[in-house]
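Visitor: Sharing a structure here in structure tokens format.
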Amino acid sequence: ENGWLHKAYWYLVDEPPQSEYAEVKKGMELLKQACPGIRRLLTCNQEPAPVPYFWGVVNLWVPIFNMYEEKRAHWRQQLGESVWWYVCTAPRAPYANNFIDHPAINHRIRYWQVDKYNLDGDLFWSITYWRQNPWEEAMSIGDGGQRWGNGDGRMLYPPRKEKPSEPVVEPPIPSIRLECIRDGLEDREYLLVLERAEARRAPGANLYARKVRAEALNKLTFSLRVYEQDPMLFNFYRLIVMNAVAQIMQGGS
């Protein structure tokens, strides 16, 4: 009734092993038959994705960051499907992740990589994984004692450093990493302005937008494993992008 169906998706199963592929495919086929208007999401961490085995039943692909397969992803997008990616306990460096002990630029530059590779979204499994008190224990530890990573699944902190004895109605405390991610999303808004300018502005503005966007992306993120670590150089190219957006919005070239 509110026109929100396009935002919905089925999340049938998380990271299925190859031994369960057949059952997962059956489930996806049932969802497709019952509710064809709702997207069918699959997180993939077993092999490069999108995975050919699931073509025709999955239409929202979410490979783990280091299993993203660019050519397949762009092909599926051309067919009208969506492609996100995700980080969690993996991948580790040299890939950019959300761990506390990564340089702050890593949390932000992933959204320049999102733009460069034309991703439709970015998934993170939790921002309030508080099985341990994150004020006291940076390492996220699973039920079986697995050490997942410093800050994995934790982007917000409880409002009190010590567990209260009664309910607390207070907002959580945002992490610096969450603020870096917010900044990265705002950076991408500038890049999207340049991308859209190529399609709707005068030819001169098209070429200018394309040149500025391509130069900034290629200088700051050569690949998923090779990207800029110098904040001064990062801010230099960000300023160039911002100036280009301002000129385009004002009708200049």
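Visitor: For region 147-250, list the helices (runs of 4 or more DSSP H) that sit wholly inside it and hold at least 1 residues that are within 30 Å of N133 (Cβ to Cβ); which are they?
Guide: Values: elements: 176-200, 203-220, 231-249.
The helices (runs of 4 or more DSSP H) meeting that bar are 176-200.
Visitor: Would you check which residues across region 68-93 are out of contact with any Phe, Trp or Tyr (no Cβ under 8 Å at 6 or more places or on another chain) and buried (at least 17 other Cβ atoms within 10 Å of the Cβ) and list them?
Guide: Selection gives E69, R72.
Visitor: In addition: Determine if region 230-237 includes at least one residue that is under 20 Å from R92 (Cβ atoms) and of a type outside the set (A, V, I, L, M, F, W, C). Spell out how you get there, then give the answer.
Guide: First pass over region 230-237, keeping only residues under 20 Å from R92 (Cβ atoms): none.
For region 230-237, residues under 20 Å from R92 (Cβ atoms) and of a type outside the set (A, V, I, L, M, F, W, C): absent.
Visitor: Quick one: in region 30-50, of everything that is of a type in the set (A, V, I, L, M, F, W, C) and open to solvent by less than 50 Å² (accessible area, probe 1.4 Å), which residue is farthest from G153 (Cα to Cα)?
Guide: Filtering region 30-50 down to residues of a type in the set (A, V, I, L, M, F, W, C) leaves 30-31, 34-35, 38, 41-42, 44, 49.
Subset that is open to solvent by less than 50 Å² (accessible area, probe 1.4 Å): 31, 35, 38, 41-42, 44, 49.
Numbers: L31: 29, C35: 31, I38: 27, L41: 20, L42: 19, C44: 18, A49: 23 Å.
The qualifying residue farthest from G153 (Cα to Cα) is C35.
Visitor: To continue, here is another question. Which ones in region 51-65 are outside any loop (DSSP other than H, G, I, E, B) and buried (at least 17 other Cβ atoms within 10 Å of the Cβ)?
Guide: Within region 51-65, F54, V58, L60, W61, V62, P63, I64, F65 meet the criteria.
Visitor: Next up: What is the residue count in region 217-249 for residues that are buried (at least 18 other Cβ atoms within 10 Å of the Cβ) and free of Cβ contacts under 8 Å to residues at least 40 places away in the same chain? If you could, list the steps in order and put the result at the bottom.
Guide: Step one: list which residues in region 217-249 are buried (at least 18 other Cβ atoms within 10 Å of the Cβ), which gives 217, 220-221, 224, 227, 234, 237-238, 241, 244-245, 248.
Restricting the remaining residues to those that are free of Cβ contacts under 8 Å to residues at least 40 places away in the same chain gives 237.
The number of residues fulfilling the criteria is 1.
Visitor: If I filter region 105-116 for residues that are open to solvent by 30 Å² or more (accessible area, probe 1.4 Å) and within 18 Å of the chain's Cα centre (by Cα), do I get at least one hit? I'd like the intermediate steps shown before the answer.
Guide: Step one: filter region 105-116 for residues open to solvent by 30 Å² or more (accessible area, probe 1.4 Å), giving 108, 116.
Then drop every residue that is not within 18 Å of the chain's Cα centre (by Cα), which leaves 108, 116.
Yes: one or more hits.
Visitor: Do we have V24 as crowded, with 17+ Cβ neighbours inside 10 Å and in contact (Cβ under 8 Å) with a residue 40 or more places away in the chain here?
Guide: Against the criterion (crowded, with 17+ Cβ neighbours inside 10 Å and in contact (Cβ under 8 Å) with a residue 40 or more places away in the chain), V24 does not qualify.
The values are calculated or read from the model by the stated rules, or taken from the named source; none is laboratory data. Just so we're clear, the structure is a prediction, and the values are computed from it rather than from any experiment. Glycine also receives a Cβ, built like all others from the backbone with ideal geometry; neighbour counts cover every protein chain displayed. Only protein heavy atoms, including side chains, enter the accessible area calculation; ligands, DNA and RNA are left aside. Shrake-Rupley method; radii C 1.70, N 1.55, O 1.52, S 1.80 Å.
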